[in-house]
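A.B. asks: What follows is a structure written as structure tokens; I'll ask about it next.
The values are calculated or read from the model by the stated rules, or taken from the named source; none is laboratory data. As the structure is a computational prediction, the values presented were derived from the model and not from experiment. Counting neighbours? That spans all protein chains shown, and the Cβs are built from the backbone with ideal geometry, glycine included. Heads up: the accessible areas ignore ligands, DNA and RNA and are worked out on the full protein's heavy atoms, side chains in. Shrake-Rupley method; radii C 1.70, N 1.55, O 1.52, S 1.80 Å.
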Amino acid sequence: MELSDDDVLEILKLFEQSKFDFLQLEHGERKITVSKGGYVASASNAALHALPRASPASAPGTPAVAASTSAAAAAQALSVDSGLVPVTAPMVGKFYAAAAPSDPSYVQQGDKVAVGATVGLIEVMKVFASIKTEVAGTVEKILVTNGQFVEFGQALFLIRPEK
């Protein structure tokens with residue numbers, strides 16, 4: 001049985017309501033590591049490392065989640081090779097390209113963006129976090145689709161910085 005995106009969100013909701021501080025779940029190809037205390041297991045040696053308690057883009061009370069290194073590494077290699085800068089997911093959840101289904105997407109491929117521009121939203125447990133750019137430039141590639149489940153640190157967009 002495959003875990004659906006809704007199953008993962010339900011697991012995160014139950015974890016948040018539990019008295020546990022750390023959860024690591026592997027099911028098929030999907031690996032989820034979650035911690036309330038800001039600690040995540042290292043992908044290389046499973047040692048615990050402290051992370052900042054909350055990032056500015058994450059919602060208070062949202063669990064920290066470690067990303068699978070394969071997708072993040074592939075996007076990082078692509079961006080380094082071609083000079084593109086990835087915009088990554090600040091938390092785990094569902095990606096939305098627009099504020100409402102009837103609204104146009106925040107950005108399209110080829111759009112110019114400024115530093116701090118909102119390029120999408122991530123929703124987990126009815127809490128929405130804006131995804132903002134850290135560089136000004138042109139959206140070269142959109143790596144996710146509307147409604148897709150994303151992991152913490154996953155590359156969502158690739159931006160060619162202005163020169």
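A.B. asks: Out of all the residues in region 96-105, is one or more surrounded by 15 or more Cβ atoms within 10 Å (Cβ to Cβ), at pLDDT 90 or above and closer than 22 Å to Asp7 by Cα?
C.D. replies: yes
A.B. asks: Also: Does any residue in region 2-23 that is in a helix (DSSP H, G or I) come within less than 8 Å, Cβ to Cβ, of a residue that is exposed (fewer than 13 other Cβ atoms within 10 Å of the Cβ) six or more places away or on a different chain, and which pairs are these?
C.D. replies: Sorted first by the residue in region 2-23, then by its partner, the pairs are Glu16/Gly61.
A.B. asks: Within the set of pairs 6+ apart or on separate chains, which have a first residue in region 112-133 that is in contact (Cβ under 8 Å) with a residue 40 or more places away in the chain, a second that is open to solvent by less than 20 Å² (accessible area, probe 1.4 Å) and polar (S, T, N, Q), and C-beta atoms under 8 Å apart?
C.D. replies: Within 8 Å, the pairs are Val113/Thr133.
Okay, residues lined up against (1) open to solvent by 40 Å² or more (accessible area, probe 1.4 Å); (2) assigned to a loop (DSSP other than H, G, I, E, B); (3) modelled with pLDDT of 90 or more:
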{"site": "Ile131", "(1), (2), (3)": "no, no, yes"}
{"site": "Val139", "(1), (2), (3)": "no, no, yes"}
{"site": "Val144", "(1), (2), (3)": "no, yes, yes"}
{"site": "Gly147", "(1), (2), (3)": "no, yes, yes"}
{"site": "Gly153", "(1), (2), (3)": "no, yes, no"}
{"site": "Leu156", "(1), (2), (3)": "no, no, yes"}
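A.B. asks: Let me ask another. Which of the residues belonging to region 118-127 are open to solvent by 10 Å² or more (accessible area, probe 1.4 Å), under 18 Å from Ala155 (Cα atoms) and either over 13 Å from the mean Cα position of the chain (by Cα) or at pLDDT below 90 (or both)?
C.D. replies: Thr118, Glu123, listed by residue number.
A.B. asks: Gly110: open to solvent by less than 40 Å² (accessible area, probe 1.4 Å) and either at positive phi or under 15 Å from the mean Cα position of the chain (by Cα) (or both), yes or no?
C.D. replies: no
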